[in-house]
1. Roll a 1.4 angstrom probe over the protein heavy atoms and tell me the percent of accessible area of segment 1-67 that is carbon or sulfur.
2. Output the Cα-based Rg and Dmax of segment 188-261 in Å, rounding Rg to one decimal and Dmax to a whole number.
3. Under 5 Å between amide H atoms, partner at least 5 residues away or on a different chain: which partners does VAL61 have, H built in plane at 1.01 Å?
4. Using the heavy atoms of the protein chains and a 1.4 angstrom probe, tell me the accessible area per residue for segment 188-261 in square angstrom.
5. Counting other C-beta atoms within 10 Å, and keeping those with at most 16, which DSSP coil trypsin sites (Lys or Arg not before Pro) do you find in segment 1-95?
6. On the protein heavy atoms, probe 1.4 angstrom, tell me the percent of accessible surface of segment 188-261 carried by carbon and sulfur.
7. May I ask you to rank TRP157, TRP32 by accessible area, largest first, using a 1.4 Å probe over the protein chains only?
8. Which links in LYS8/LYS33; LYS8/LYS143; LYS46/LYS205; LYS33/LYS253; LYS30/LYS77; LYS33/LYS205 stretch past 28 Å when you go from one Cα to the other?
Amino acid sequence: MALDPEKKEEIVEHLLVFSRNKEFYERAGKAWKRGYFLYGPPGTGKSTMIAAMANLLSYDVYDLELTAVEDNTELRKLLIETTSKSIIVIEDIDCSLDLTGQRKKKGEKFSKEDKNNDNDEFSNKEMEEAKEEGNNGNNSSNKVTLSGILNFIDGLWSACGGERLIVFTTNYVEKLDPALIAKNYLGIESHQMFDKIKNLIGEVKITPADVAENLMPKSPMDDPERCLSNLIRALEEAKEETAAVEGAAEEAKRSAEDENEIEKPEGSN
């Protein structure tokens, strides 16, 4: 598929690092899974991208059709039955369920007051048809809820098994409920500190959990500037600790070499 070479290299690297990092997830106490959200107009290669990911990693693909799932319990059972080394795909999630944030039922606009109003422009039959339409669109066809989807991708049961990718696709990302989209806790897209943070992260070993811990505001006083400064300070401390450990190891190595030189018998080469 046609893709910007740098972006392609970045995606391939992320996928390969994920597939080879079992020890990291065990050490960090995190579920071995990762989520991707692919969005764009129809025909831009979202499904092809998923196929390419599966081919690269030799993963199985589970194509989940939410409209065929009866309720949250069945959704959970389906998750448990999937195997490791797999990609769970929910395509066109904006069409699969009413997860666009418009949670009000169509039938709710007809209140009892409207029904008892003698001047109501709707007949009882029309009112019932409208209510039935709203109920059918939200309850009868399926009972998978937004909460069920969130638990599916990031809840307790999502931690069962391992080495899974969960991929959503949509044509209209702006229509989705904000809860489905990763949050930007700082509410900023760019900052002068980003370059320094990027360079430091490339020089030290730090877990994603530690990064999130320093970035997440803990009080109303923690503005983006303070949170980014906290992360930079943590990274610089980690860099100093790494340098100290490496320096001590190098010193110990030199001392051992000096001792070996002293212990050599006279006349030895």
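1. 50 percent
2. Cα only, segment 188-261: 17.4, 61 Å (Rg, Dmax).
3. Distant-sequence amide H within range of VAL61: ILE87.
4. Values: 5400 Å² over 74 residues.
I get 73 Å² per residue for segment 188-261.
5. Numbers: sites: LYS7, LYS8, ARG20, LYS22, ARG27, LYS30, LYS33, ARG34, LYS46, ARG76, LYS77, LYS85; in loops: ARG20, LYS30, LYS85.
Within segment 1-95, the qualifying trypsin sites (Lys or Arg not before Pro) (loop, at most 16 other Cβ atoms within 10 Å) are ARG20, LYS30, LYS85.
6. Values: 2800 of 5400 Å².
Roughly 52 percent, rounded to a whole number.
7. Details: TRP157 115, TRP32 40 Å².
Highest to lowest solvent-accessible surface, that is TRP157, TRP32.
8. Pairs exceeding 28 Å: LYS8/LYS143; LYS46/LYS205; LYS33/LYS253.
The values are calculated or read from the model by the stated rules, or taken from the named source; none is laboratory data. Note that the structure is a prediction, hence the values are computed from the model and not measured. In this analysis, Cβ positions are derived from the backbone assuming ideal geometry, glycine residues included, and neighbour counts consider all displayed protein chains. Surface accessibility is based on the protein's heavy atoms, side chains included, excluding ligands, DNA and RNA. Shrake-Rupley method; radii C 1.70, N 1.55, O 1.52, S 1.80 Å.
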